[in-house]
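Note sheet for the following structure.
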Amino acid sequence: MLSRTAAALVPFFGRLTVTLDGAAELAPGSIVAANHTSLSDPAIVLAALHRLGVEPVVMAAAGLWRVPVLGRALAHDGHIPVRRADPRAAACLEDAAAALARGRLVVIYGEGGIPDFESGTETAPHPFRSGLARLAAATGAPVVPLGQTGARRIMSGSGPGQFTSLASAPLRRPELRVHIGAPVRLTGDLPAATAQAHAAVTAAWRAAGGRAVTPPAQVQTPVPASTPAPAVEAAA
């Protein structure tokens, strides 16, 4: 439900481009690790993955389940509430592991929240918490790095400023870029695995923003989730 809604609404607010590494693969039971910069980027990530034929489970702040309509949609689609600073916090990783075991793709934000800055400027992913590495270690699931840019041009600032930015987005229609990298298997202890995941997502973020040495390939048609994306040399 939310994936289809995001796919329909996001192009109204901006121009979405989705690119993939030649070795990118969205196999069932994968963890999709994304950078988090704005309240709007979960919709952008869902829209991008929907374009590739994937409807993932998202790990999101539990407070969203208290929002009318949105909360019911989150529950209906099986998304996973994350209760920070709560004795039940660890349960979200168990729920995510169960979803992976069923073959679902799980989206997790390694930073654990939105960076505290008001400008619309893009910044590299902030340090990751250990939850992503713990989930990968417990399940053996591959981690697919996903980098996104442009979300802060839809919603940034604080309070009323965010909604002013959102209201003007359909007129401005900023560029929204999502890049999906090749899956990685995290190795080493938790700090090493966390650093490895952070580096992979940062590389995907750089590719999304055109900061990569080799231009990523632009995707015009859905890529089946069960097969690797083909290598393409055309620039985005």
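The values are calculated or read from the model by the stated rules, or taken from the named source; none is laboratory data. Please read all numbers here as calculations on a predicted model, not as lab measurements. Virtual Cβ from ideal backbone geometry, glycine too; neighbours counted across all protein chains shown. To get the accessible areas, we keep the full protein, side chains included, count just its heavy atoms, and leave off ligands, DNA and RNA. Shrake-Rupley method; radii C 1.70, N 1.55, O 1.52, S 1.80 Å.
Where the accessible area of segment 15-59 is counted over protein heavy atoms with a 1.4 Å probe, how much of it, in %, is carbon and sulfur?
54
So what is the relative contact order of segment 5-104, in percent, for Cα pairs below 8 Å that sit 6 or more residues apart?
Computed value for segment 5-104: 31 percent relative contact order.
Take each of the peptides 164-172, 28-36, average the number of other beta-carbon atoms within 10 Å over its residues, and list them starting from the highest.
In descending order of packing, they fall as 28-36, 164-172.
What net charge do the residues around GLY150 carry, taking every other residue with its C-beta under 10 Å from that of GLY150, with Lys and Arg at +1 and Asp and Glu at -1?
Value of the local net charge: +1.
Add +1 for every Lys or Arg and -1 for every Asp or Glu among the other residues with Cβ under 13 Å from the Cβ of ALA137, and state the total.
Taking every other residue near ALA137 into account, the sum is +1.
Net charge within 14 Å of ARG51 by Cβ-Cβ distance, Lys/Arg positive one each and Asp/Glu negative one each, not counting ARG51 itself?
Within the 14 Å Cβ shell, the charges total +2.
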